[in-house]
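First the structure, in the form of structure tokens, and then the observations on it.
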Amino acid sequence: MDANFTRSLIGRLIQSALVIFLVITLVFIAVRAAGDPITVLAPFDASPEAVEEIRQHYGLDEPLPVQYLAFIWNAVQLDFGDSFRTGQPAMNEVVDRLPATLQLGAGALIFSVLVGVPLGVISAVKRGTPVDAICRFVALIGQATPNFWLGLMLILVFAVYFGLLPTGGTGGIRNLILPSVALGAVTLAAVLRLTRSGMLEVMESDFIRTARSKGLTERVIIWRHAIRQALLPVLTILGIHVGRVIAGTIVIETVFSWPGIGRLMITSVGSADYPVVQAAVFVVAIVIIAANFIVDFSYRFFDPRIRAAA
Amino acid sequence: MSTTETASATIDDPLGRPQPSLLTRLRRIRGWPAGLMYITIFVLFVGVGIFAPVLAPQDPNHQELVERLQPPAWQEDGSWDRPLGTDDLGRDVLSRMIYGTQIALLVVAIGIPITMALGTTLGLLAGFRGGFADKVLMRLVDLQLAFPAILFAVLIAAIFGPSLRNVILVIVIFGSAAYARVVRGEVLSLRERDFVSAARSIGASEKRIVARHILPNLVNTIVVLMTLEVAVVIFIEAALSFLGVGTPVTQPSWGQMISEGRDYIQIAWWLPALPGLAIVALSLVANLAGDWLRDVLDPRRRNVR
């Protein structure tokens, strides 16, 4: 941990805080433009006085700048107010749903790496063979298939037709399989392609020739030496894909009736439940930024050249 | 992504050698058969979109409740009057898919050029000017990455109601980040190159350097990126329509058809399945064309693939 490292770490932390500030400001403006929560909060036949009382109770009668300052002040303390619908603290509602979304996201990323990396390596090693052709076709299809449709087709085949797996909901590892595959397919395609091109490049390099001339077996060369180099770009793309996977949960959770943040966001926008939308967007932004943060800094430890340059 | 040596060598050929004509350059491109196939299929899709009113056997919104949930022609009980069957309201699936092609291509044709223009301008500004403009832009790009586009679209739809215009708005706002990042990266390396310093030393204005020396070197990258963004744009439109915040119900789109068909997945597989196949086919062709173009335009990448 040298001074340079500490300085760039602090710099990144400040930048991240700035981005989160921008995110919650944007969502503050957007939800207020999206709808008046009074339509949800007040009974249909409420008297004007009663409506006014409710407005005052939730601070909705204040001028917008005042509301905004109060919002930021509370957000800094992680207080996003109470849900308009349930009356529970909005942050609790979101945190309750967080494990389900993280499970789904982790399932998708694990699936994409566990399948994508070996296929990419095999594809590169067996370059030009039918095996390579099949792997590349898998990658192409994975990139060209919308995740929500893939999810429906998986339901159609494995749940409706063969009756092997549940169509949705939670419960066990069996419920997690189909949504993880649907959500991870695009990432799998990217991981496969990058692993393949990375391996092809690395296998030409000097240190692999050295390893060969030392008489190491091809298996040791590929899985011990080459793969470390080839996986660096994969790490970067995983960082980028964390955001996409989290965004993808919004649609996939709808397809598989998965009780995560994605579905919570959609229903909360529908019912103008500002506090929950704001808290959910805040948490999602933190997860995405944290993931990119970890990837950027783990990069330094994987590649000694970057460590030296920094 | 990196710049091509060949591109800068021809644009700023220090010896002033005559450049090969466009025809010669086209002839030198390898892999024409595959490329021609992708282009032909894409043009076919465009044709289907443009001539949708002529090609569609039925009015896509015409309901015939007695004919509801008819299976495709090749299945038992299917008939060639309804080649791809009918939906829960007795509307002709084939006709709706043909009109869906129109929507998908419309979003591509309007969304991608605007996104490209905005993203490229931002990227040029950030990369060439640097400093404050660069800092602001990169934070905006981070913002786009940290704020899920789908959620933004849902909020927009809640404000303005679902419409094609909103879909394009979301695509432009979130798609431009990709162009901005790539262009910025390229400009950062280009502006340090000798031919740019040379142009600057003979007193070329900033505007001229960007227009004559930087932009021509970006064309390849931008064209490839635009091709690869076709699938992304189609996905966004489909996902938004699937969530009910995309095209309004009077405009049949593929995503909307999948969303409506979802409720009938147990009894009418063709309703969610077929429109999705159209999305896969169009995205696949666009991606293949993009990969092919990248190989053609950047020969150094060829041996990696």
In range of the label at A:LEU102: residues from the stretch A:229-246 whose backbone nitrogen is under 20 Å from the point 7 Å along Cα→Cβ: A:238-246
Most mobile of A:GLN88, A:GLN67, A:GLN77 in a GNM of chain A (Cα contacts under 10 Å): A:GLN77
Label-reachable residues, the stretch B:246-269, where backbone N falls under 19 Å from a point 7 Å from B:LEU55's Cα toward its Cβ: B:251-258
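For the stretch B:43-78, which GluC sites (Glu not before Pro) are in a loop by DSSP, counting at most 16 other Cβ atoms within 10 Å?
The qualifying sites are B:GLU64, B:GLU76.
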All lysines inside 22 Å of B:LYS135 as judged from Cα atoms, apart from same-chain residues fewer than 8 positions distant: B:LYS207
Protection proxy ranking, peptides B:232-244, B:210-222, average beta carbon neighbours within 10 Å, highest first: B:232-244, B:210-222
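222 nm [θ] for chain B, helices only, -39500 (n - 2.57) per DSSP H run of 4+, per residue, to 500?
Calculated at 222 nm, the ellipticity per residue is -21500 deg cm²/dmol.
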Dipole of the stretch A:14-162 [Lys/Arg +1, Asp/Glu -1 at C-beta], most positive-end residue of A:VAL31, A:ILE155, A:GLY59: A:ILE155
Amide hydrogen neighbours beyond the local backbone of A:ASP82, cut-off 5 Å, H modeled: A:ALA90
Ratio of the Cα radius of gyration of chain B to 2.2 N^0.38 Å, where N counts its residues: 1.20
Residue-averaged beta-carbon neighbours from other chains (10 angstrom radius) around B:239-252: 2
Length gained when the stretch A:TYR161-A:ILE286 is fully extended (0.36 nm per residue, less Cα-Cα span): 41.0 nm
Cα pair distances in the stretch A:73-196, grouped into 10 Å bins until the bin that holds the longest one, percent each: 13, 30, 26, 19, 9, 3, 0
FRET efficiency for B:THR121 and B:TRP32, using Cβ-Cβ distance with R0 set to 30 Å, rounded to 0.05: 0.35
Anchor A:LYS214: lysines whose Cα lies under 30 Å away (excluding residues fewer than 8 positions away in-chain): A:LYS126
Gyration tensor (Cα) of the stretch A:92-309, equivalent ellipsoid semi-axes in angstrom: 36, 22, 12
For the protein assembly as shown, diffusion coefficient by Stokes-Einstein and Kirkwood Rh (Cα), 37 °C, 0.692 mPa s, µm²/s: 123
Calculated FRET efficiency for the pair A:ALA50/A:GLN88, C-beta based, R₀ 30 Å, to 0.05: 0.85
Table column - 3J(HN,Hα) (Hz), the stretch B:272-279, Karplus curve with 6.51, -1.76, 1.60, x for Gly and Pro: x, 6, 5, x, x, 4, 4, 4
Cα pair distances of the stretch A:13-76 binned at 5 Å [whole percent]: 4, 15, 21, 21, 16, 10, 7, 4, 2, 1
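We did not get these values from a lab; they are worked out from the coordinates using the rules stated. Since this is a predicted model, take the numbers as computed values, not measurements. Here Cβ is always computed from backbone atoms with ideal geometry, including for glycine, and neighbour counts include all displayed protein chains.
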